[in-house]
Amino acid sequence: MAAVLLCFLLAAPVLLVTSSPIHDSDNGTVPLVLWHGMGDSCCNPLSMGYIKKMIEQEIPGVYVFSVMIGKNIVEDTENGFFSDVNEQVSMVCNQLALDPKLKGGYNAMGFSQGAQFLRAVAQRCASPPMKNLISVGGQHQGVYGLPRCPGESSKICDMIREALNKEAYLGWFQKHLVQAQYWHDPLNDDLYKKYSRFLADINQERAVNETYKKNLQQLEKFVMVKFLQDSVVDPVDTEWFGFLKTGQAKETETLQESVLYKEVITAGPLMREES
């Protein structure tokens, strides 16, 4: 609970100062879409449900849509571990497109893995338009390690760790294990680029996707919040779009030093980093 509240307290001030603020041209509030992280759900009263309620109290009249994957909280939590991320993104795109309250555009805030999933929404689904994206501890260059996996049980986390270390790029894991779909092994870069069904695609590792690039550039702001003492995400630089240099697993590079930044993002939206 404390960690979730800290996430919100760090991200909320950023939401209020983005260039497209909480009020639109008609003096109405801009809706907010939330996507939770691993081991959480849309509506847990002690986490995302609490944050949704807090936002609604702080911004009277705001419409907050908290993403649910599945029919209930249990399914939503399970789908944060075992599901096809590409199908999740497609499902959310459809939900947002069908919601009349979002047709004028919305701001988005993703927590942990929900952040890169919302970025995929921004890149793949231009309508309704995402105005600003706030990433709270998102893993935009993926992860290479799972030192402390939060979830319903440590047994699930242990199973995920073992699978990722040995078989992350096998077909079944890439389609059904969520964390494998943003697993980024710097020691096996060719395997990653060839077999990563989700992350290598949205990060345009195989080829530049002009639609993705154009849609990402439509964002007014893309804000990334990094937790300097994060003990869950490895490497933590992924939260600022940095990662381990290819071919080794010790030295990292910043977003600005990466090929991705130089070839794809340079002409994109203004990014703001928050620690």
| field | Peptides 61-69, 188-196 ordered by average Cβ neighbours within 10 Å, highest first | value | 61-69, 188-196
| request: Whenever you get a sec, line up 239, 87, 75 from highest to lowest accessible area (probe 1.4 Å, protein heavy atoms). | output: 87, 75, 239
| request: Compute the distance in nm between two label points, each set 7 Å from the Cα along the Cα-to-Cβ direction, one at residue 254 and one at residue 207. | output: 3.3 nm
| task | Order these peptides, 103-111, 214-222, 136-144, by their mean beta-carbon neighbour count within 10 angstrom, highest first. | result | 136-144, 103-111, 214-222
| What percentage of the solvent-accessible surface of segment 26-124, computed with a 1.4 Å probe over protein heavy atoms, is contributed by carbon and sulfur atoms? | 54 percent
| message | Straight-line reach from residue 52: which lysines fall under 25 Å, measuring Cα to Cα and dropping same-chain residues less than 8 apart? | response | 71, 101, 103, 131, 221, 226
| request: State, to one decimal in nm, how far the label point of residue 246 lies from the label point of residue 97, with both points 7 Å from Cα in the Cβ direction. | output: 3.4 nm
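The values are calculated or read from the model by the stated rules, or taken from the named source; none is laboratory data. None of the values given here were measured: they were computed from a predicted structure. Note that we place each Cβ from the backbone using ideal geometry, even for glycine, and neighbour counts take in every protein chain shown. With ligands, DNA and RNA removed, areas are computed over all heavy atoms of the protein, side chains included. Shrake-Rupley method; radii C 1.70, N 1.55, O 1.52, S 1.80 Å.
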